[in-house]
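Q: Structure provided below as structure tokens; questions to follow.
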Amino acid sequence: MNRFNIFKRYNHWLHKYPYRTNAITTGTLFGTGDIIAQKLFTKEDQYDYKRTIRATVYGGVIFSIVGDKWFKFLNNLKLSNSVRGTIIRVGIDQIIFAPFGLILYYTSMTILSGGYIKDIEHKLNNQWWPTLYTNWLIWPWVQLINFSIVPVQYRLLCVNSIALLWNTFLSLRNAQD
């Protein structure tokens, strides 16, 4: 099966089962990011499969829905597809969604690992700002391309494809402390 057939099949699934397809894709990419983080960048000898399951659940159950709704919301804003409209969308994405998305990530991952409010506060106090800062070095450029040339139904896939490395970074940051 060549790449065109895979993309054609993915496109079919995306139109027929949009939430399921986004959930599977996003969950797989978050889980894969965690596997990469554990296998390539940690010194521990033992692989933590529960950590990968948590990342997969977060990606498939939480972020796939939130991300899909967010991209549709941004697309429905009464902005032109001009450079100015694209820059405004990127600005809204980075000023509103990026900080919120990281709070959602760290909170969800802490809860999924059995943490409490004090653990969430600790995680946010130690990881949120450095992660957001790094986000702002990378994602505005990705989103400029995403919002300017990628059709809305593929924006979550585009972000998720590039986010494989980002998910690896998030997994490493989340595992700290």
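Q: I need the full set of residues from the range 65-77 which are among the charged types (D, E, K, R) and surrounded by fewer than 16 Cβ atoms within 10 Å (Cβ to Cβ), in order please. Let's see the steps before the verdict.
A: Taking the range 65-77 as the starting set, the residues that turn out to be among the charged types (D, E, K, R) are 68-69, 72.
Of everything in the range 65-77, those that are among the charged types (D, E, K, R) and surrounded by fewer than 16 Cβ atoms within 10 Å (Cβ to Cβ) turn out to be 69, 72.
Q: Could I ask something else about it? Being open to solvent by 60 Å² or more (accessible area, probe 1.4 Å), in contact with a helix residue (DSSP H, G or I) (Cβ under 7 Å, 6 or more places away or on another chain), in a helix (DSSP H, G or I) and small (Gly, Ala, Ser), is that true of even one residue in the range 92-108?
A: no
Q: Report the residue count in the range 28-47 for those that are within 30 Å of residue 153 (Cα to Cα) and open to solvent by 10 Å² or more (accessible area, probe 1.4 Å).
A: Qualifying residue count, the range 28-47: 6.
Q: Being exposed (fewer than 15 other Cβ atoms within 10 Å of the Cβ), within 14 Å of the chain's Cα centre (by Cα) and of a type in the set (Ser, Thr, Tyr) narrows it down to one of 80, 161, so name that one.
A: 161
Q: As an exercise: evaluate residue 86 against (1) open to solvent by 50 Å² or more (accessible area, probe 1.4 Å); (2) farther than 23 Å from residue 174 by Cβ; (3) hydroxyl-bearing (Ser, Thr, Tyr) and give the number of the one condition it does not meet.
A: With (1) open to solvent by 50 Å² or more (accessible area, probe 1.4 Å); (2) farther than 23 Å from residue 174 by Cβ; (3) hydroxyl-bearing (Ser, Thr, Tyr) applied to residue 86, the lone miss is (1).
Q: Of all residues being at pLDDT below 90 and in a loop (DSSP other than H, G, I, E, B) in the range 28-49, which is nearest to residue 172 (Cα to Cα)? Just the residue, please.
A: Looking at residues that are at pLDDT below 90 and in a loop (DSSP other than H, G, I, E, B), I get 42.
Q: Out of everything in the range 13-27 that is open to solvent by 100 Å² or more (accessible area, probe 1.4 Å) and at pLDDT 90 or above, what residue ends up being farthest from residue 167 (Cα to Cα)?
A: Selected residue: 16.
Q: Another one. In the range 125-155, how many are at pLDDT below 90 and surrounded by 16 or more Cβ atoms within 10 Å (Cβ to Cβ)?
A: Residues that pass the stated criteria total 6.
Q: To continue, here is another question. Mind checking whether some residue in the range 112-124 is open to solvent by 50 Å² or more (accessible area, probe 1.4 Å) and of a type in the set (Val, Ile, Thr)?
A: yes
The values are calculated or read from the model by the stated rules, or taken from the named source; none is laboratory data. What you are looking at is a predicted structure, and each value in this text was computed from that prediction instead of being measured. Neighbour counts run over all protein chains shown; Cβ positions are idealised from the backbone, glycine included. Please note that ligands, DNA and RNA were not included when accessible areas were found on the heavy atoms of the full protein model with its side chains. Shrake-Rupley method; radii C 1.70, N 1.55, O 1.52, S 1.80 Å.
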